[in-house]
Amino acid sequence: MKVWVVTRRFSLLTLLAVFACFSQAQSAPDRWRTLGPDGGDARSFAADPANPEHLYLGGTTGWIYESQDGGQRWHRLSRISADPASLDTFIVDHLIVDPDIPQRMYAAIWRGDQPDGGFFISEDSGHSWREIADLAGQSIRSLAQSSADPRVLVAGTLQGVFRSEDRGLHWRPISPVGSREIHEVESLAIDPRDPDVIYVGTWHLPWKTSDGGKSWKNIKRGVIDDSDVFSIVIDPKQAKTVYISACSGIYKSESAGELFHKVQGIPSTARRTRVLRQDPHNRAVVYAGTTEGLYRTEDAGRTWKLLTSSDLIINDVYLDPTRPGRLLLATDRGGVLASDNNGRFFIASNSGFSSRKVGALLVTRHGSPLLMAGIVNDKTLGGVFESSNHGADWTQIAEGLDGRDVFALGEASDGTIVAGTSHGIFILQQAVGGAVRWQMYSDIVNHGSRIVSTRVNGKRIDRMQEFTLPARELSAKVAALDVSTDTWLAATEEGLFTSVDEGKSWQGGVGYGAEAYESVAVTAGWMVAVRREGAVYSTDRGAHWEPMALPARIRTIHAAMIAPSGDLWIGAGDGVYVSRNRGKSWFWLDRLPFHFMDDLSIDPSTGKVLAGSRLDTRMLVIDEKTFTHTTVQTGYPLYRVRALDGRWFAATMQNGIITPQ
């Protein structure tokens with residue numbers, strides 16, 4: 001195998017001339033805008049004390065959203081990140097607007113993939129932020145400001161409790177440094193009358209200090225041992241009344257934490273109560289946001305009623321102090337839900353808010369062009385969304401998927417839409433009356449041969465006999481699909497499978513190659529499938545597979561694409577490789593500004609190759625003939641990139657679908 005590596009030292013004059021003009025153009029660093037689908041994971045609320053209609057919302061990707069109309073519409077305001085290289089990993093669980101200085105805001109963040117985070121201050125209503133050095137690198141899980149003395153803030157981190165007495169500019173630890181008890185602080189509350197009285201909830205039990213941290217007391221009487229304490233509420237009028245929520249239930253104390261008793265009425269299965277909120281209009285009303293729905297008590301905790309479905313995970317509750325009955329929920333998967341009648345009914349309130357993980361992106365080519373997005377992690381609130389107006393509006397198509405994640409979408413030559421999911425292959429069908437639903441088409445039929453012995457005139461004669469195993473359901477995760485020709489190809493965790501009857505039955509498996517392929521490409525008479533460690537190809541519609549010779553230096557392959565010219569493009573952890581002779585020799589595009597590539601596609605309006613990476617916020621536009629490229633800054637890590645009607649669209653891992661401003 002000959003490997004051509006494109007470098008300045010390359011000796012062929014023709015190629016040297018081509019690459020001498022290798023473009024390094026950089027577009028203006030304008031942020032792309034999000035299109036939806038609306039919804040996803042919402043984490044925390046904050047309100048402007050001078051205007052309760054002016055709200056802020058923290059998400060799971062470092063973004064802060066703003067609403068000027070009480071949460072009916074949202075827009076992206078700013079992004080907080082303690083590490084610019086670690087986009088989309090910081091969770092904004094706590095936002096506070098200073099009651100004396102409404103343009104001053106505080107944000108505490110933590111990182112989902114490692115113990116990291118920080119504390120940030122904004123002086124311009126959240127448009128820009130600066131990190132405070134004293135808490136740099138701290139995974140901050142709780143934050144509170146004293147109502148008696150707003151100069152006092154307290155933060156709970158994985159290491160312990162910290163206190164500021166100058167509105168967050170400087171911090172000092174007030175829990176014993178290196179304590180084996182007061183660490184992993186998940187919740188905080190400050191006595192409304194005395195800033196030195198602080199309640200602390202850890203991952204194991206609650207604690208209290210009455211002297212600003214000079215001494216601490218365990219307040220576990222009545223609380224089941226080893227209870228994670230997620231939320232603490234102190235009655236603003238009767239400070240001895242304290243509610244705490246834990247993994248073992250909800251507890252109430254009427255003795256300032258000296259003794260707790262477990263409140264009844266919430267089923268034991270709803271153990272993780274993530275947030276408690278006391279109604280400012282009626283102190284006997286308390287809302288409990290749990291991992292199994294929203295509960296409310298109207299008699300100070302004696303009885304509780306479930307207000308929502310039990311499959312709702314609630315991270316925060318906002319109660320409007322000026323509009324009795326108005327409340328908002330920040331939820332996993334469902335985004336923001338709103339009620340104007342004390343929680344009897346809720347509606348989605350996600351206009352402008354998108355925190356979706358998009359696992360698949362398809363632009364249809366038959367009939368009216370559509371943009372289709374496959375969603376991961378959102379169960380019944382996910383599935384597939386389609387848009388006929390370039391992402392301005394989306395329609396959910398989830399009937400039949402039963403909450404499965406969608407990792408691949410493909411369009412057949414007759415316009416049939418096929419989805420590869422976390423559990424099999426589905427085809428979109430239109431029922432009588434115009435309704436559409438997904439139908440599972442994943443029956444596997446394995447063919448083979450075996451030796452059959454017979455005796456003729458006393459002699460044993462062996463012959464080969466073809467056989468077909470009984471059909472079974474293909475239930476593996478489907479990572480990639482290509483259904484553009486008369487032979488459909490699917491990459492699954494069980495191997496490679498093909499179908500010649502439009503998905504009604506599939507043949508293949510491990511015997512047709514290794515398991516866990518990540519990307520496939522099909523053209524007339526030729527198929528390619530890649531996994532991280534290598535690639536295979538077939539020239540007989542998938543009946544047999546052969547290993548493809550690849551450059552020795554290639555690392556962690558993620559994507560394969562056959563261009564209209566017939567050239568094979570591969571995106572890998574070390575860049576882009578191109579073969580113009582079906583893998584006999586390769587070009588390596590070594591002058592790209594970044595090398596880890598997750599996705600490759602063709603812009604049909606220009607014939608250019610679009611390349612994206614989940615580890616970079618830039619998209620590459622590469623000329624297929626000259627290999628010159630243009631770099632386009634998007635502001636988001638990219639997972640899939642596509643073009644429709646001359647416009648670019650990209651799927652992100654946590655921020656929905658985006659497009660240029």
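Laboratory data are not the source of any read-out in this text; all were calculated from the coordinates shown. Treat the numbers as computed from the prediction; the structure is a model and nothing was measured. FYI the Cβ positions are ideal-geometry reconstructions off the backbone, even for glycines, and counts take in every protein chain you see.
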Subject >> Computed FRET value (nearest 0.05) for Gln238 with Thr416, which takes r as the C-beta separation and R₀ as 51 Å >> reply: 0.20
Original post:
Can you list the residues, at least 5 places off or on another chain, whose amide H is less than 5 Å from the amide H of Trp506, using H built in the peptide plane?
Top reply: Asp443, Ile444, Val445
**OP:** Just subtract the alpha-carbon distance of Phe345 and Asp311 from 0.36 nm times their residue separation and send over the number in nm, one decimal.
**Re:** 10.7 nm
**OP:** Evaluate the relative contact order of the range 145-218 (contact order divided by residue number), counting alpha-carbon pairs under 8 angstrom at least 6 apart; express in whole percent.
**Re:** 24
Original post:
Using only helices, what value at 222 nm comes out for the chain when you add -39,500 (n - 2.57) per DSSP H run of length 4 or more and divide by the total residues, to the nearest 500 deg cm²/dmol?
Top reply: -500 deg cm²/dmol
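Going down the list Lys477/Lys608; Lys208/Lys262; Lys217/Lys262; Lys504/Lys608, which pairs span over 29 Å between their C-alpha atoms?
Numbers: Lys477/Lys608 31 Å; Lys208/Lys262 19 Å; Lys217/Lys262 20 Å; Lys504/Lys608 35 Å.
Pairs exceeding the cut-off: Lys477/Lys608; Lys504/Lys608.
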Subject >> Listed residue (Ala516, Pro637, Ile425) projecting farthest to the positive dipole end of the chain, Cβ model >> reply: Ala516
Subject >> Total formal charge among the other residues, if their Cβ is under 14 angstrom from that of Arg437, Lys/Arg +1 and Asp/Glu -1 >> reply: -2
Original post:
Which far-off residues, 5 or more places away or on another chain, put their amide H under 5 Å from the one on Ala476, with H placed in the peptide plane?
Top reply: Gly424
Original post:
To the nearest 20 debye, what charge dipole does the range 145-218 have about its Cα centre, counting +1 at the Cβ of each Lys and Arg and -1 at the Cβ of each Asp and Glu?
Top reply: 100
Subject >> Inter-probe distance in nm under a simple model that places probes 7 Å from Cα toward Cβ, at Asp486 and Gln103 >> reply: 7.0
**OP:** Please give the length that would be gained between His390 and Arg283 if that part of the chain were fully extended, namely 0.36 nm times their separation in residues minus their C-alpha to C-alpha distance (nm, one decimal).
**Re:** 33.8 nm
Subject >> Residue-wise HN-Hα coupling along the range 584-592, computed from phi with Karplus coefficients 6.51, -1.76, 1.60 (Hz; x: Gly, Pro) >> reply: 6, 9, 9, 9, 10, 7, 8, 9, 6
Original post:
Whose amide H sits under 5 Å from the amide H of Val436, counting only residues 5 or more places off or on another chain, with H placed in the peptide plane?
Top reply: Ala431
Original post:
What ranking do 57-64, 113-120 get when scored by the average of other Cβ atoms within 10 Å per residue, highest first?
Top reply: 57-64, 113-120
**OP:** For Phe596 and Arg221, compute 0.36 nm times the residue count separating them, minus their Cα-Cα distance, and round to one decimal in nm.
**Re:** 129.6 nm
Subject >> Correct option for Rg/Rh (Cα atoms, Kirkwood Rh) [calculated from the coordinates] among (i) 1.05; (ii) 0.96; (iii) 0.98 >> reply: (i)
**OP:** Enumerate the calculated ³J(HN,Hα) couplings along the range 292-301 in order (Karplus 6.51 cos²θ - 1.76 cosθ + 1.60, θ = phi - 60°), each rounded to whole Hz, writing x wherever the residue is Gly or Pro.
**Re:** 9, x, 9, 10, 9, 10, 10, 10, 6, x
